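This report concerns only the one structure given below.
A short reminder: the numbers here are calculations on the coordinates, not readings from a lab. All values reported here derive from a predicted model rather than from experimental measurement. Reconstructed Cβ throughout: ideal geometry from the backbone, glycine too, with neighbour counts over all protein chains shown.
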Amino acid sequence: MMPGTSSDPIITLIGAGLAGALLAILLSKRGYQVELFERRPDPRKQAGHAGRSINLALSTRGLHGLQHAGLADTVRQRSIKMPGRIIHTLDGETRFQPYGVNPSEVLYAISRAELQHLLLDALAHTPNVHLNFDTKCVEMHLAQQTLTLSHELTGEITTLIRPHVIGTDGSSSAVRSAMLRTPRFDYAQTYLEHGYKELTLPPAPDGTFQLDPHALHIWPRGTYMLIALPNLDCSFTCTLFMPFSGSVSFEALSTSDAITMFFEQQFPDVVPLIPDLVKDFTANPTGSLVTIKCSPWHYRDHLLLLGDAAHAIVPFFGQGMNCAFEDCTELDACIEAETPDWERVFAAFFSRRKPNTDAIADMAIDHYIEMRDHVADPHFLLQKQIEQELAKRFPKQYIPQYSLVTFQRIPYAQAREQARIHERILQQLSAHINHPDQVDWQQAEHLIQRELPLSREGAA
Ligand SMILES: Cc1cc2nc3c(=O)[nH]c(=O)nc-3n(C[C@H](O)[C@H](O)[C@H](O)COP(=O)(O)OP(=O)(O)OC[C@H]3O[C@@H](n4cnc5c(N)ncnc54)[C@H](O)[C@@H]3O)c2cc1C
């Protein structure tokens, strides 16, 4: 590793969220001076603030990024293992489906706030990092390399000249807005017709979990669904995904009676577990879900976008943060290969990551469409049953897309390519049959050997 030297210019990060904090640690490890500007106050100083608990599913790619910062073990200890999902049917039955084939293939539920605190605490012990809270980036002039900051407590405005700026300021990135004014900058944002609302399922009166904590709970109901992830305080954070408008929608749930009736009809087993259901539902905001794609992500050697600022995705694969952490390790590898030429660092990062972040964005949308339109389709369900059997019979060759994305680190674009091959195989095996018992397993073996030869395993 080529360490940075004291003559290296300072690297400025806008946004000390998940990606910004992790990236600052990695840059400091390389010996660079790093400064961060974060518009919010220091969340660690709001310890008494009993906000809503929001949690995230952390998996292999995210853990790999944290490992680079020496934080993976600490984060694992502060999270809850979810080795599978528990499906809750309308009639109250539950079914456990393991995520992986070996015990290490688990998801980790971690509180977003706790993860953020862990990263900020680690930053506080990192040399050469200067962290500024309550400081919002309001303007950038790329040609002049200036950065205008508004100090949220005093209203003071400061303009600085900074040579290398990285925008880690999330999906509504102010840094990306500056890129919008550069020639031939492509930008697309696409909202889903579904939104989401978070609800808290509290601990039981005796302080214990009301549901099995070692699972991600899902109540799939066709065009809408409820999920729940466990928290260390024995509560669960539930998220309801549902259309904004239409006959069954957030818009339609505008009265207490409508909310109660909807939950009693669709999630009857959940109602007794959330005493403050209507209050929570009414008080909590309804969030929107957006995919953002843009190109390029850098302006010469001056500016780079990373994390959600470069590629926000919808959460149906639980990969946004994992992908943003993978960005951090990938940028680190580009720095290793290309410094001191920062334009080459940024260009290499963009060309390496863009096909992969486009792939995970598309896979997340496909997953959403699958959930929305296909879960009740008998042919789709037949294909899913055949898929499970293929994964069992050919474990080295047929690795389901979910595992490739969640438990492996092959580039997302390769995972999508594999998934397309899987789709072709499943189409052929399921044509003209209506039960998995009717699958021609000789044909299956032939297709697997031809389409997924073992030599590909190295890539996976
Ligand atoms: C409902 C939902 C569920 C999700 N679940 C998962 C999951 O289970 N697993 C997963 O991997 N991902 C999940 N994600 C995605 C994940 O939340 C994001 O991908 C991740 O937070 C991106 O990290 P980031 O650092 O790029 O952006 P952020 O975490 O948004 O951080 C951006 C930071 O920049 C700061 N900022 C913004 N503007 C400015 C400015 N002008 N000046 C200074 N600072 C600024 C913000 O205050 C913030 O601290 C989910 C997302 C949603 C919406």
Take every Cα-Cα distance within the chain, group them into 20 Å bins from 0 onward, and report for each bin the whole-number percent of pairs it holds. 22, 54, 23, 1
For Lys384, the aspartates and glutamates lying under 12 Å Cα to Cα, once residues fewer than eight places off in the same chain are dropped, come out as Glu370, Glu423
FRET efficiency (Asp73, Ser295; Cβ distance; R0 45 Å; to 0.05) is 0.75
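What is the sum of charges, Lys and Arg at +1 and Asp and Glu at -1, for the other residues whose Cβ falls under 12 Å from the Cβ of Ser150? Please list the in-between numbers first.
Working: positive: Arg39, Lys136; negative: Asp134, Glu139, Glu152, Glu156.
After counting each charged neighbour, the total is -2.
Listed highest first by mean packing, meaning other Cβ atoms within 10 Å per residue, what order do 188-196, 436-444 come in?
Values: 188-196: 15.4, 436-444: 12.8.
Ranking, from highest mean packing down: 188-196, 436-444.
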Quick one: if you stick a label point 7 Å off each Cα along the C-beta vector at Ser245 and Leu232, how many nm between them? 4.3
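Given the Cα-Cα distance of Thr158 and His379 and 0.36 nm per residue of separation, how much length would full extension add, in nm? Could you put the intermediate results ahead of the total?
Details: separation 221, 0.36 × 221 = 79.56 nm, distance 6.05 nm.
Stretched fully, the Thr158-His379 segment lengthens by 73.5 nm.
What does the highest-first list of 146-152, 310-316 look like by mean Cβ count within 10 Å?
Details: 146-152: 16.9, 310-316: 24.0.
My ranking of the peptides, most packed first, is 310-316, 146-152.
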On full extension of the chain, what length is gained from Ser104 through Asp121, given 0.36 nm per residue of separation minus the C-alpha to C-alpha distance? 3.4 nm
Identify, among His214, Ile292, Ala113, the residue whose Cα sits farthest towards the positive end of the charge dipole of the chain, taking +1 on the Cβ of Lys and Arg and -1 on the Cβ of Asp and Glu, with the dipole about the Cα centre. Ile292
Can you give the helix-only mean residue ellipticity at 222 nm for the chain, where every DSSP H stretch with n ≥ 4 adds -39500 (n - 2.57) and the sum goes over all residues, rounded to the nearest 500 deg cm²/dmol? -11500 deg cm²/dmol
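Can you give the FRET efficiency to the nearest 0.05 for Thr282 and Glu193, using r as the Cβ-Cβ distance and R₀ = 25 Å? Each step should come with its number before you reach the end.
Values: r = 22 Å, r/R0 = 0.88.
Approximately 0.70, to the nearest 0.05.
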Mind ranking 397-404, 289-296, 277-284 by how tightly packed they are, going by the mean number of other C-beta atoms within 10 angstrom, highest first? 397-404, 289-296, 277-284
HN-Hα couplings for the stretch 293-300 via Karplus (6.51, -1.76, 1.60; θ = phi - 60°), in whole Hz with x for Gly/Pro, come out as 10, 8, 6, x, 9, 9, 10, 6
Residue separation times 0.36 nm, minus the C-alpha to C-alpha distance between Phe185 and His214: what's the value? 6.0 nm
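Å³ per residue of the Cα convex hull, for the stretch 377-458? Each step should come with its number before you reach the end.
Numbers: hull volume 7.2 nm³, N = 82.
Cα-based convex hull of the stretch 377-458, divided per residue, equals 88 Å³.
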Phi to ³J(HN,Hα) by Karplus 6.51 cos²θ - 1.76 cosθ + 1.60 over the stretch 234-240, Hz, x for Gly, Pro: 6, 8, 10, 9, 9, 10, 9
Reach of Lys293 by Cα under 29 Å, taken over lysines that are not fewer than 8 positions away in the same chain: Lys136, Lys197, Lys354
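Working from the pairwise distances between different alpha carbons, so that the mean of 1/r is found and then inverted, what is the stretch 192-288's Kirkwood radius in Å?
Details: mean 1/r = 0.0731 Å⁻¹.
After inverting the pairwise mean of 1/r, the radius is 13.7 Å.
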Could you size up the charge dipole of the chain around its Cα centre, putting +1 on the beta carbon of Lys and Arg and -1 on that of Asp and Glu, and report it in debye to the nearest 20? 740
From phi via Karplus (6.51, -1.76, 1.60), per-residue ³J(HN,Hα) for the stretch 93-110 in Hz, x at Gly/Pro: 6, 10, 9, 8, 10, x, 6, x, 9, 10, x, 7, 8, 10, 9, 10, 8, 9
